[in-house]
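**Q** Mind looking over this structure? Questions follow.
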Amino acid sequence: MSSQTLTFKPVNYSQASFKKAPIVSLQGMPVLLFNQQQLTLLEALEQKKVKIFSECRSGYCGQCKTKVKSGNVTYIKEPLVTLEADECLPCCCVPDGDIDLALSAEGAEVVGRVASPKPTMNSEVVSTNLPVQG
């Protein structure tokens, strides 16, 4: 039987680097949180039912070429298609922080904030007969 020794190693959080999951927006509307459950930006968009055309899924054909309104991407595979500075190929990249794409959110599964119900005041007056301390 082997024994394990558990040790505590304090973490210096001031030196730790935490990176939040990028928010992917379409025309300024947040659509998804890229939490790296998908391999590429294209897969994440497709999972949310975003209408985006693709063919090769490997950066060869350029059919998924998309305008980037703001933000940057990191390529998993180097694309073979010539791109402008404001374009990306979602089939072979991941967002490198929050990103806004020039794609329509129409038909996409967009998660919106659920408004919390506002408390309402009851119009009934409840009287209590508590002793008054003096």
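**Q** Got a number for residues in region 29-39 being under 16 Å from GLY97 (Cβ atoms) and in a loop (DSSP other than H, G, I, E, B)? Give the derivation first.
**A** Let us first name the residues in region 29-39 that are under 16 Å from GLY97 (Cβ atoms), namely 30-36.
Okay, now just the ones that are also in a loop (DSSP other than H, G, I, E, B), so 34-36.
Qualifying residue count for the region: 3.
**Q** Quick one: is GLU109 modelled with pLDDT of 95 or more, acidic (Asp, Glu) and either surrounded by fewer than 19 Cβ atoms within 10 Å (Cβ to Cβ) or assigned to a loop (DSSP other than H, G, I, E, B) (or both)?
**A** Taking the combined requirement at face value, the residue does not satisfy it.
**Q** Against the definition (within 21 Å of LYS19 (Cβ to Cβ) and buried (at least 20 other Cβ atoms within 10 Å of the Cβ)), how does LEU32 come out, yes or no?
**A** yes
**Q** Here is a follow-up. I'm told GLN37 meets every condition in (1) open to solvent by 90 Å² or more (accessible area, probe 1.4 Å); (2) modelled with pLDDT under 95; (3) out of contact with any helix residue (DSSP H, G or I) (no Cβ under 9 Å at 6 or more places or on another chain) except one. Can you identify the failing condition by its number?
**A** Failing condition for GLN37: (3).
The values are calculated or read from the model by the stated rules, or taken from the named source; none is laboratory data. Worth saying up front: this structure is predicted, and the values here are computed from it rather than measured. Quick reminder, even Gly has a Cβ in these numbers, built from the backbone with ideal geometry, and neighbours come from all protein chains shown. Areas reflect the complete protein model, heavy atoms only, side chains present, ligands, DNA and RNA absent. Shrake-Rupley method; radii C 1.70, N 1.55, O 1.52, S 1.80 Å.
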